[in-house]
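S.K.: Okay, handing you the structure first.
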Amino acid sequence: MPLAPLHDPWQKVEVDPSPEGHEDMVIEDGSTDHQNDNETMSEIEVTDMMKKSSERVDASMFELLKVLGQGSFGKVFLVRKVKGDDVGNLYAMKVLKKATLKVRDRVRTKMERDILADVHHPFIVRLHYAFQTEGKLYLILQFLRGGDLFTRLSKEVMFTEEDVKFYLAELALALDHLHSLGIIYRDLKPENILLDSEGHVKLTDFGLSKESIFEEKKTFSFCGTVEYMAPEVVNRKGHGTGADWWSYGVLMFEMLTGALPFQGQNRKETMTMILKAKLGMPQFLSPEAQSLLRALFKRNPANRLGAGPGGIEDIKRHAFFSTITWDKLMKRLVPPPFKPAVSRVDEAFYFDTEFTSRTPKDSPGVPPSAQAHELFRGFSYVAPLLIEGSVPPAKNTAGSVTLSRLPGVKTKPFTEDYDLGEELGVGSYSTCRKCVHKAKGKEYAVKIINREKRDPAEEVEILLRYGEHINIITLCDVYDNGSQVYLVSELLRGGELLDKILRQKFFSEREASAVLQIITKTIHYLHSQGVVHRDLKPSNILYADESGNPESLRICDFGFAKQLRAENGLLMTPCYTANFVAPEVLKKQGYDAACDVWSLGVLLYTMLAGQTPFANGPNDTPNVILSRIGEGKFQLSGGNWESVSSLAKDLVGKMLHVDPHQRITVQQVLKHPWVANRDQLPQLRLTHQEASLIKGAMKATFKAINNSPKALLAPVGASSLAQRRGKNKPKNSTEV
């Protein structure tokens, strides 16, 4: 599916430290509520779900591990249960201070607890416990390791239509379930959509929801996030469940384009646009996507898709969802497009480090008035499945996972154990040097990473998981020393792949086939584990020793490596690496595992032709190089190509195909006759350009890429999405 051809979506955004007005803030104007609004200040009666034999839960039964979020009313912690039948299980603990809650907020908090206790759905967050102290309220919720959709959308700018289709389909089922119970959600936005460990969505934060809205009954509150408000909410003429389907359309538009459909310079202008402005439909969207958006953006809710008599069935039948099998989706049998790269149950990698870096502390709460305390009578709750003992205790695992808590990671100074030696290389974010272990006297290589420029957590995790493979560099030690992280690995003494090839007196197709087979097998292993390397240039492929045996090859430097998404997803954080940049990266369409195959194709071309495919020498201009890469232009005639086998040319052409969907896969590379039947290949000596020319071509390509738009990784708050919000994450009356 197409992606939005926006103007340089990777451009770094200047953060305004004091934006003029947060136009997306939750609007709650109690003084203008309609006189028929049924939102009263009286307590809602709740049936007590606790059995006499069930445990009494309090804050002492939970160990604080991390801060996941914080707002004006309290915090959300990652906690571990330390007592009871479900000991060891991880939860998200939402803590609210009674004294800081306004009267309306207290009612809505009680309502949120009631809704969560009553609603059970595969795509809605589950409430496990609720209890209170004199000064605080506690909601113990399902811990969702994938973080929120806001953070992911901030980093990736936009999603593919296939991704959006999956998320919208699951959300439609969640909203329909709420509507069937007479609940209007009223706060649909990326911040309130979480991803579980498998990548499925979970709707959370019901602080603005409204109960008992059936059929033609309406509510008149003016609340929500202004950019997502339906026209009937803005004009305060009363709204029902149809308001959620308008917000659903806004969310769809935002995920597909990276922009909001209606957003003015201030709140008033935004509201006017919602009521009157014509929808600017991006023409790069598929006809099916455009049709669905138009059907959702009907200002008359009676004509809005999903709000009519057919309800969700009308949405299910829409052409945009034609490939969705709804029964399988409800049973969570459809693979999500993105699976969080976490292997431990208490991984908080996908939550904002602004919060997770803080020391978790639940400070005492100031007691509220007696009237406020009375409002929360009956607040305590234990989920029936816990009472029935159907939730097994978690296995004993390590504590809260940060880089320093990963297996084998040390926090003591690196220099206590090692002496630094000569410099081996310098990169954009790191320096590589030799080092000697003081006690063993053995030489190693150490990669010193500037933590302020790049977070090495994912690189370390990938190496810890998959570094046992014989052709992947072995990680020996990790030292977390604050602003610098030291990755100690085996010292690869054989040098870089390309240097070794250029020094060999005899190099034929058979040698090239053996090299490609070893590297491709290794990449196939990584891809099968859900990892893409994304930086397969020759300098990242080294020999472990001087033998030159392909078996001694090691793939190293996983600084740009990332977990691979599902088959229908393209990665959207391109890393530009010299001559090994896939064309779809330059076109900002994202890329998947085919990127690694393309890079291997560039390597194969260089081994066979004796020169790089897109830069002939140091004098090639950046524009020429980028043009060749973008158009997939390369020569398969003249020079070595006159003696190279037709099978080799066929494989190179398939690996360097400009369209990633038509590019050969790693499995197909391994099965190709040029690789599988190496003994039948010619043994003619391949000639190469002078080493200086090849190095010059590489340098010219680096220069070309460095002058092209770069992928700058910045905090979530610096993203376009966060800038439109006016702050990192909008807060509503119950968000903490």
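S.K.: Within segment 55-95, how many residues turn out to be aromatic (F, W, Y) and more than 15 Å from H128 (Cα to Cα)?
M.R.: 1
S.K.: A further question follows. Looking only at segment 497-506, decide whether some residue is more than 37 Å from the chain's Cα centre (by Cα) and at pLDDT 90 or above.
M.R.: Within segment 497-506, not a single residue is more than 37 Å from the chain's Cα centre (by Cα) and at pLDDT 90 or above.
S.K.: Y466 passes all but one of (1) under 27 Å from the mean Cα position of the chain (by Cα); (2) surrounded by fewer than 16 Cβ atoms within 10 Å (Cβ to Cβ); which number fails?
M.R.: (2)
S.K.: Any residue at all in segment 85-108 that is under 22 Å from G207 (Cα atoms), under 26 Å from the mean Cα position of the chain (by Cα) and among the basic types (K, R)?
M.R.: yes
S.K.: Quick test of your reading of the structure: T160 fulfils all but one of (1) within 22 Å of K94 (Cβ to Cβ); (2) buried (at least 21 other Cβ atoms within 10 Å of the Cβ); (3) of a type in the set (V, I, T). Name the failing condition by number.
M.R.: Of everything listed in (1) within 22 Å of K94 (Cβ to Cβ); (2) buried (at least 21 other Cβ atoms within 10 Å of the Cβ); (3) of a type in the set (V, I, T), T160 misses just condition (1).
S.K.: Return yes when A704 is closer than 30 Å to S154 by Cβ, modelled with pLDDT of 60 or more and hydrophobic (A, V, I, L, M, F, W, C) and no when it is not.
M.R.: yes
S.K.: Is it fair to say D176 is under 23 Å from K316 (Cβ atoms), touching a helix residue (DSSP H, G or I) at 6+ places or on another chain (Cβ under 7 Å) and surrounded by fewer than 24 Cβ atoms within 10 Å (Cβ to Cβ)?
M.R.: Yes; evaluated as a whole, the condition is true for this residue.
S.K.: Further question: Out of the residues in segment 663-687 that are under 15 Å from L608 (Cβ atoms) and outside any helix (DSSP H, G or I), state the one that is modelled with the highest pLDDT.
M.R.: Here the answer is H672.
S.K.: On to the next question. Scan segment 423-444 and report the pairs whose first residue is assigned to a strand (DSSP E or B) and whose second residue is of a type in the set (D, E) and exposed (fewer than 15 other Cβ atoms within 10 Å of the Cβ), with Cβ atoms within less than 7 Å and a gap of 6+ or a chain change.
M.R.: T431/E423; R433/E422; R433/E423; K434/E422; K434/E443; C435/D419; V436/D419; V436/E443
S.K.: Return the residues of segment 460-487 that are farther than 20 Å from K434 by Cα and among the charged types (D, E, K, R); say none if nothing qualifies.
M.R.: Passing the criteria: E461, R465, E468.
S.K.: Among the helices (runs of 4 or more DSSP H) lying completely within segment 284-334, list those that include at least 2 residues that are over 17 Å from D163 (Cα atoms).
M.R.: 287-296, 312-316
S.K.: Here's another thing I want to ask about it. Of the residues D196, D205, D244, D187, which single one is surrounded by fewer than 21 Cβ atoms within 10 Å (Cβ to Cβ) and either in contact (Cβ under 8 Å) with a residue 60 or more places away in the chain or not β-branched (V, I, T) (or both)?
M.R.: D196
S.K.: What strands (runs of 3 or more DSSP E) completely inside segment 448-543 contain at least 1 residues that are farther than 30 Å from N677 by Cβ?
M.R.: By residue number, 475-481, 484-489.
S.K.: Kindly establish whether F253 is assigned by TED's automatic domain parsing to the domain that holds T160 and in contact with a Pro (Cβ under 9 Å, 6 or more places away or on another chain).
M.R.: yes
S.K.: Now a separate question. Kindly provide the set of residues from segment 560-579 that are surrounded by fewer than 22 Cβ atoms within 10 Å (Cβ to Cβ) and modelled with pLDDT of 50 or more, ordered by number.
M.R.: Passing the criteria: F560, K562, Q563.
S.K.: Just checking, how many residues over segment 111-136 are basic (K, R) and assigned to a helix (DSSP H, G or I)?
M.R.: 1
The values are calculated or read from the model by the stated rules, or taken from the named source; none is laboratory data. Here the structure is a predicted model, which is why all the values come from computation and not from measurement. Backbone-built Cβ (ideal geometry, glycine too); neighbour counts: all protein chains shown.
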